[in-house]
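Contents: one structure, followed by commentary.
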Amino acid sequence: MSKNDVHVYVARINWDEKTTQQHLKNLPHTEQAYSQRYTHPLRLRSFVASRHLLRQTLSHLEGKPAQDWLFERQQQRLIVNQQQTDWHTSLSHGNDWVACILAKTIHCGVDIESTTINPRFMAIAQRFFHPLEYQQLLDLAEHLRFTVFLDFWTRKEACVKAWHCGLAHHLAAISFQQSSLNPVSYPNAFTTLPLTLNTWQHHDWQLACAVHLQEPRWLFDEWHL
């Protein structure tokens with residue numbers, strides 16, 4: 001297993017919100033307690049599914065029972081106990097799907113978004129995108145805009161997560177072009193942390209990952225919870 005291996009997992013949540021409590025009971029007590037902050041049924045379902053995905057995929061790679069993994073939260077980030085493994089992670093969810101990245105760099109990020117069209121997406125782009133990105137959307141035929149919007153958005157979120165910075169203050173400072181996967185401009189604070197990106201598309205979702213590795217070996221798998 002190479003230090004440049006980057007595992008990307010996507011899974012469909014195969015239960016409805018009514019049976020989430022049943023799946024929650026299969027998580028350790030610490031995560032059951034943490035889940036109490038999620039009062040919305042769909043958000044709770046995503047939380048439970050993402051934790052099962054992370055535990056199952058770590059166990060797949062390391063051979064340790066899924067229940068044994070220890071997680072911590074540091075500065076709003078989920079950390080796998082580094083005495084157990086040197087894998088680092090980032091999680092994301094979108095409607096009925098969850099995504100997980102596992103990499104040997106702490107600077108890794110993933111974002112998955114539903115392909116269901118948000119009617120306000122151009123207003124969102126105008127507020128959060130770099131002006132040149134917004135202009136790229138305006139230059140496209142109307143029926144092509146949402147696909148490119150989603151591509152840019154997921155790449156931006158993946159970068160923000162990999163750099164461990166807040167969404168609202170950095171999305172517009174990171175800019176992309178359709179012809180290049182990696183950002184064409186980003187804040188000077190991150191010049192020592194260049195990222196390599198990759199994207200995947202599905203009729204239900206758009207996915208982007210970012211890692212601070214020069215030549216990652218991307219290993220994608222659609223997982224079954």
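The values are calculated or read from the model by the stated rules, or taken from the named source; none is laboratory data. In this text the structure is predicted, and so the values were computed from the model without any measurement. Positions of Cβ are generated from backbone atoms using ideal geometry, with glycine treated the same way; all protein chains shown enter the neighbour counts.
Scan segment 88-112 and report the pairs whose first residue is free of Cβ contacts under 8 Å to residues at least 60 places away in the same chain and of a type in the set (Val, Ile, Thr) and whose second residue is outside any strand (DSSP E or B) and surrounded by 21 or more Cβ atoms within 10 Å (Cβ to Cβ), with Cβ atoms within less than 7 Å and a gap of 6+ or a chain change.
Taking only residues 6 or more apart or on different chains, the pairs are THR89/LEU54.
Can you tell me which of (1) surrounded by fewer than 20 Cβ atoms within 10 Å (Cβ to Cβ); (2) within 22 Å of SER114 (Cβ to Cβ); (3) not acidic (Asp, Glu) is the one ASN188 doesn't meet?
(2)
Would you mind stating whether SER114 is crowded, with 16+ Cβ neighbours inside 10 Å, among the polar types (S, T, N, Q), under 23 Å from THR154 (Cβ atoms) and modelled with pLDDT of 95 or more?
Values: crowded, with 16+ Cβ neighbours inside 10 Å: no; among the polar types (S, T, N, Q): yes; under 23 Å from THR154 (Cβ atoms): yes; modelled with pLDDT of 95 or more: yes.
It is false that SER114 is crowded, with 16+ Cβ neighbours inside 10 Å, among the polar types (S, T, N, Q), under 23 Å from THR154 (Cβ atoms) and modelled with pLDDT of 95 or more.
When you go through (1) under 26 Å from PHE220 (Cα atoms); (2) over 15 Å from the mean Cα position of the chain (by Cα); (3) part of a loop (DSSP other than H, G, I, E, B) one by one for ILE106, which number turns out not to apply?
(2)
Among the residues of segment 198-222, how many are over 17 Å from THR147 (Cβ atoms) and in contact with a helix residue (DSSP H, G or I) (Cβ under 6 Å, 6 or more places away or on another chain)?
So the count comes out to 2.
Run down LEU171, LEU150, LEU140, LEU144 and say which single residue is over 20 Å from PRO194 (Cβ atoms) and buried (at least 19 other Cβ atoms within 10 Å of the Cβ).
Values: LEU171 fails: over 20 Å from PRO194 (Cβ atoms); LEU140 fails: buried (at least 19 other Cβ atoms within 10 Å of the Cβ); LEU144 fails: buried (at least 19 other Cβ atoms within 10 Å of the Cβ).
When all the criteria are applied, what remains is LEU150.
Within segment 166-207, how many residues are part of a loop (DSSP other than H, G, I, E, B), closer than 21 Å to TYR134 by Cβ and under 15 Å from the mean Cα position of the chain (by Cα)?
Kept after step one, since they are part of a loop (DSSP other than H, G, I, E, B), are these residues of segment 166-207: 166, 174, 178-179, 186-187, 191-195, 202-204.
When the remaining residues are screened for being closer than 21 Å to TYR134 by Cβ, the result is 166, 174, 178-179, 186-187.
Filter once more, so that each one left must be under 15 Å from the mean Cα position of the chain (by Cα): 166.
Adding up the residues that qualify gives 1.
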